[in-house]
1. So, in the stretch 26-47, exactly how many residues are within 21 Å of residue 110 (Cα to Cα) and assigned to a strand (DSSP E or B)?
2. For residue 51, indicate whether it is closer than 30 Å to residue 218 by Cα and in a strand (DSSP E or B).
3. Among the residues of the stretch 113-125, is there at least one that is touching a residue at least 60 places away in the same chain (Cβ under 8 Å), within 18 Å of residue 198 (Cα to Cα) and surrounded by 12 or more Cβ atoms within 10 Å (Cβ to Cβ)?
4. For a quick check of your reading of the model, give me the residue pairs whose first member lies in the stretch 163-188 and is at positive phi, whose second is part of a helix (DSSP H, G or I) and at pLDDT 85 or above, with beta-carbon atoms closer than 9 Å and at least 6 apart or on different chains.
5. If we scan the stretch 131-149, do we find a residue that is over 27 Å from residue 23 (Cβ atoms) and in contact with a strand residue (DSSP E or B) (Cβ under 7 Å, 6 or more places away or on another chain)?
6. Here are 84, 10, 52, 38: which of them is surrounded by fewer than 19 Cβ atoms within 10 Å (Cβ to Cβ), touching a helix residue (DSSP H, G or I) at 6+ places or on another chain (Cβ under 9 Å) and not assigned by TED's automatic domain parsing to the domain that holds residue 226?
7. Against the condition farther than 24 Å from residue 126 by Cβ and touching a strand residue (DSSP E or B) at 6+ places or on another chain (Cβ under 9 Å), how does residue 156 come out, does it pass?
8. Testing residue 147 on (1) in contact (Cβ under 8 Å) with a residue 24 or more places away in the chain; (2) out of contact with any helix residue (DSSP H, G or I) (no Cβ under 8 Å at 6 or more places or on another chain); (3) within 19 Å of residue 212 (Cβ to Cβ), one condition comes back false. Which one is that?
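The values are calculated or read from the model by the stated rules, or taken from the named source; none is laboratory data. These numbers come from a predicted model, not from an experiment. Here the Cβ positions follow ideal geometry from the backbone for every residue, glycine too, while neighbour counts run over all protein chains shown.
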């Protein structure tokens with residue numbers, strides 16, 4: 001009984017950690033996107049993960065960022081297992097899997113595949129988009145709670161932490177935005193404003209509508225890419241894996257994408 005309990009606890013921890021890894025372009029968990037084909041704990045406690053992407057030609061840089069995220073997630077598991085991560089059905093799957101078997105890290109494997117692209121700059125671009133998408137979700141949520149624009153933009157980090165934002169979804173969005181804020185501005189303290197632009201500028205209340213329009217354009221672009229990825233994955237693997245409420249390509253074609261919160265991890 002105790003062994004079964006430990007096994008179940010480890011399996012939950014494994015999927016929780018993998019769920020913290022996001023597609024960098026979409027800011028959506030790789031588990032919800034269906035990219036983790038299999039994640040199992042073997043009899044000796046080691047972990048095996050099979051990973052696949054929606055197309056054969058997905059950018060090697062995107063693949064690197066996700067697989068590197070998977071590696072970091074597995075490194076954080078409490079029982080420190082040995083693990084194997086295998087990429088399937090990708091144009092560089094053979095090189096990646098051979099490199100992993102040879103003990104190379106993902107940075108070494110992808111160094112020759114990334115060309116001249118700056119992975120650090122790419123990470124920052126995706127972090128900026130995630131920051132903006134999460135920020136929009138919280139700003140709109142606070143408006144729905146009945147707060148004025150001045151009250152929202154005058155909120156400091158201490159007040160934000162103490163605020164109750166209603167539903168479980170909004171609580172999750174609140175935590176996601178806080179994580180993005182602290183990652184972007186590590187020195188932010190309780191008395192500092194909680195809402196600022198990516199560049200660190202204050203947002204005047206009179207400018208909030210225009211600023212939200214900018215954030216909405218970022219979200220719509222990310223949601224379009226997400227719908228495209230799901231469509232390609234469905235066509236490739238003959239699966240129907242659309243999260244209830246997520247916009248589809250048809251929604252974008254007909255311009256009927258509503259304002260909505262970012263996905264919950």
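1. Residues meeting the conditions: 1.
2. Working: closer than 30 Å to residue 218 by Cα: yes; in a strand (DSSP E or B): yes.
The answer is yes for residue 51.
3. The initial filter retains those residues of the stretch 113-125 that are touching a residue at least 60 places away in the same chain (Cβ under 8 Å), namely 122-123.
Among the residues that remain, those that are also within 18 Å of residue 198 (Cα to Cα) are: 122-123.
Checking which are surrounded by 12 or more Cβ atoms within 10 Å (Cβ to Cβ) leaves us with 122-123.
Checking the stretch 113-125: at least one residue is touching a residue at least 60 places away in the same chain (Cβ under 8 Å), within 18 Å of residue 198 (Cα to Cα) and surrounded by 12 or more Cβ atoms within 10 Å (Cβ to Cβ).
4. That search, which allows pairs on different chains as well, returns 166/141; 166/144.
5. Taking every residue of the stretch 131-149 in turn, none turns out to be over 27 Å from residue 23 (Cβ atoms) and in contact with a strand residue (DSSP E or B) (Cβ under 7 Å, 6 or more places away or on another chain).
6. Numbers: 10 fails: touching a helix residue (DSSP H, G or I) at 6+ places or on another chain (Cβ under 9 Å); 52 fails: surrounded by fewer than 19 Cβ atoms within 10 Å (Cβ to Cβ); 38 fails: touching a helix residue (DSSP H, G or I) at 6+ places or on another chain (Cβ under 9 Å).
Result: 84 is the single residue among 84, 10, 52, 38 that is surrounded by fewer than 19 Cβ atoms within 10 Å (Cβ to Cβ), touching a helix residue (DSSP H, G or I) at 6+ places or on another chain (Cβ under 9 Å) and not assigned by TED's automatic domain parsing to the domain that holds residue 226.
7. Numbers: farther than 24 Å from residue 126 by Cβ: yes; touching a strand residue (DSSP E or B) at 6+ places or on another chain (Cβ under 9 Å): yes.
Considered against the rule, which asks whether it is farther than 24 Å from residue 126 by Cβ and touching a strand residue (DSSP E or B) at 6+ places or on another chain (Cβ under 9 Å), residue 156 comes out as yes.
8. (1)
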